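Working notes, structure below.
The values are calculated or read from the model by the stated rules, or taken from the named source; none is laboratory data. Quick caveat: nothing in here was measured; it's all calculated off a predicted structure. Backbone-built Cβ (ideal geometry, glycine too); neighbour counts: all protein chains shown.
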């Protein structure tokens, strides 16, 4: 039997923005429970809830002050139990976000740790003496700008924070800290959660000697974080030992899983994913930011998938195009699109044909776009600091649109924490009932994926084709599906050799010359007899472009 998570469709819910049930303008657990039928009807296998724990919300819940309770803005533990029960009734697994690289600075653990150097939790966080001139102990930067060190006058030491100053890093070298974190995970496993999404999983362990990071001469971005190669402040090989402890815990509970967020890209991310998912005693799977970038080319997608499969042959990957930290992919890739609707349809077809698990971000199934916000509407700490060079993450976090003509698109009866603007309301769920809608396309593609073992579990073999054509075969126990995608707004022609038929969900046409794909079109060819090649003849139809 194949484990459920290996081909899972995971639907990410950003709780603040999914559905408000009490009119305070912030989404909550009862609201999520109310809307779970939408997720089940879409064809998802699981939901992933971004943080719902008690928090001062300096980083929208990624600064946890109580790991075993629900923040009152989201509801209660009773509400969570109700949500889990309803999800399981609908056949949905429940995955929760665990943020254990750091806590909030108002967590009782940190309040005790910062008091002095001799209390029972004195070594629960990363503390270091200043240099003789009073400056921080090394050159490590914070992701959100400035040094990764903050002076604490009570202890007369610096504490480390990879993110906000209000998010001190836990000292996971400390066995007591490991035990405490494992206990918090056991708490949620006992409540019936089916898995964990592990935030910033490659940040857990730091270099014990606190050595300076070397420079990164290739950095050209507006942020300061990229000026270094972070070989000492994160990505430490010693991290694997702690991951094994996490796996040993989850293995005590049947059918549970962990997916780790690797906050890197390129070869480094592939190496980390390989190390973190090797064998059967570490994470079940990982995802990186490879497909969450602005790059949109056949070479890029092939490189990402082949890189993981070659670099981590016994590992497992999870792919997504959007999440709560990046610009929505419909806006990010729009210059490659003949239309937003065509790009949205192509995006879900690609994800459904990629190997491994896939993750969808709420609103993606509507073809939702990035919201354009002005400075006065922002809440994201990153945007508030770096505006306008970095616009932050609020634009992808605006509320879900349910009913186009209702106040705030049916999300809340009060004032929403982020505005629901007209372009987003126009794509509401109730406007997408027809068979030609983006929502219908998502439902149909997810159903096709579920019905074809080659798309769920099959091996992948890429076919050499020039840009902008991405082509590969998925094969499982004799079932073969050939997948061809035109990653451009102009039509393309691909030559066919042998008998071929198009799956009805394809956006393409077969003719005497081959298969013609319109802008952002795709052809799904079931069967093993067809071969494809680039068209190089002189008789290409006028509607097609020679490749």
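Scanning the range 86-125 for residues that are under 18 Å from residue 62 (Cα atoms) and crowded, with 21+ Cβ neighbours inside 10 Å yields a total of 14. The single condition among (1) surrounded by fewer than 18 Cβ atoms within 10 Å (Cβ to Cβ); (2) assigned to a loop (DSSP other than H, G, I, E, B) that residue 488 does not meet is (1).
Any residue at all in the range 173-194 that is outside the structural domain of residue 318 (by TED's automatic domain parsing) and at positive phi? Looking for residues that are outside the structural domain of residue 318 (by TED's automatic domain parsing) and at positive phi, one finds none in the range 173-194, hence no.
Please pick out the residue among 293, 288, 331 that is surrounded by 23 or more Cβ atoms within 10 Å (Cβ to Cβ) and under 19 Å from the mean Cα position of the chain (by Cα). Answer to the selection: 288. Limited to the range 403-418, what total is found for residues that are closer than 12 Å to residue 431 by Cα and not in a loop (DSSP other than H, G, I, E, B)? So the count comes out to 1.
Looking only at residues in the range 207-225 that are touching a residue at least 60 places away in the same chain (Cβ under 8 Å) and in contact with a strand residue (DSSP E or B) (Cβ under 7 Å, 6 or more places away or on another chain), the one that is nearest to residue 167 (Cα to Cα) is 225. Please state which one of 97, 79, 133 is part of a strand (DSSP E or B) and either in contact with a strand residue (DSSP E or B) (Cβ under 9 Å, 6 or more places away or on another chain) or without any contact (Cβ under 8 Å) to a residue 12 or more places away in the chain (or both). Exactly one residue qualifies, and that residue is 97. Would you check which residues across the range 6-45 are over 17 Å from residue 73 (Cβ atoms) and either outside the structural domain of residue 320 (by TED's automatic domain parsing) or in contact with a helix residue (DSSP H, G or I) (Cβ under 8 Å, 6 or more places away or on another chain) (or both) and list them? 6, 7, 9, 11, 36, 38, 41, 42, 43, 44, 45, listed by residue number. Selection of the range 144-165 for residues being in a loop (DSSP other than H, G, I, E, B) and surrounded by 20 or more Cβ atoms within 10 Å (Cβ to Cβ) yields 144, 148, 161, 162, 163, 164. Screening the candidates 177, 240, 259 for the property of being in contact (Cβ under 8 Å) with a residue 40 or more places away in the chain, more than 20 Å from residue 52 (Cβ to Cβ), outside any loop (DSSP other than H, G, I, E, B) and touching a strand residue (DSSP E or B) at 6+ places or on another chain (Cβ under 7 Å) yields one hit, 177.
So, residue 481, is that one modelled with pLDDT of 95 or more, under 20 Å from residue 338 (Cα atoms) and either in contact with a helix residue (DSSP H, G or I) (Cβ under 6 Å, 6 or more places away or on another chain) or not in a loop (DSSP other than H, G, I, E, B) (or both) or not? For residue 481, the condition - modelled with pLDDT of 95 or more, under 20 Å from residue 338 (Cα atoms) and either in contact with a helix residue (DSSP H, G or I) (Cβ under 6 Å, 6 or more places away or on another chain) or not in a loop (DSSP other than H, G, I, E, B) (or both) - is not met. Going through (1) within 30 Å of residue 211 (Cα to Cα); (2) assigned by TED's automatic domain parsing to the domain that holds residue 390; (3) surrounded by fewer than 20 Cβ atoms within 10 Å (Cβ to Cβ) one by one, residue 82 falls short only on (1). When residue 368 is tested against (1) modelled with pLDDT of 95 or more; (2) in a helix (DSSP H, G or I), just one condition goes unmet, and that condition is (2). The set of residues in the range 468-478 being crowded, with 16+ Cβ neighbours inside 10 Å and not in a strand (DSSP E or B) consists of 468 alone.
Each row is one residue, and each column tells you yes or no for (1) more than 26 Å from the chain's Cα centre (by Cα); (2) in the same structural domain as residue 15 (by TED's automatic domain parsing).
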{"position": "432", "(1), (2)": "no, yes"}
{"position": "466", "(1), (2)": "yes, no"}
{"position": "470", "(1), (2)": "no, no"}
{"position": "477", "(1), (2)": "yes, no"}
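When the range 506-521 is filtered for residues that are in contact (Cβ under 8 Å) with a residue 24 or more places away in the chain, part of a loop (DSSP other than H, G, I, E, B) and buried (at least 20 other Cβ atoms within 10 Å of the Cβ), the ones remaining, listed by number, are 508, 519, 520, 521. List the number of the failed condition for residue 342; all other conditions in (1) surrounded by fewer than 23 Cβ atoms within 10 Å (Cβ to Cβ); (2) touching a residue at least 40 places away in the same chain (Cβ under 8 Å); (3) not in a helix (DSSP H, G or I) hold. Here residue 342 clears every test but (3).
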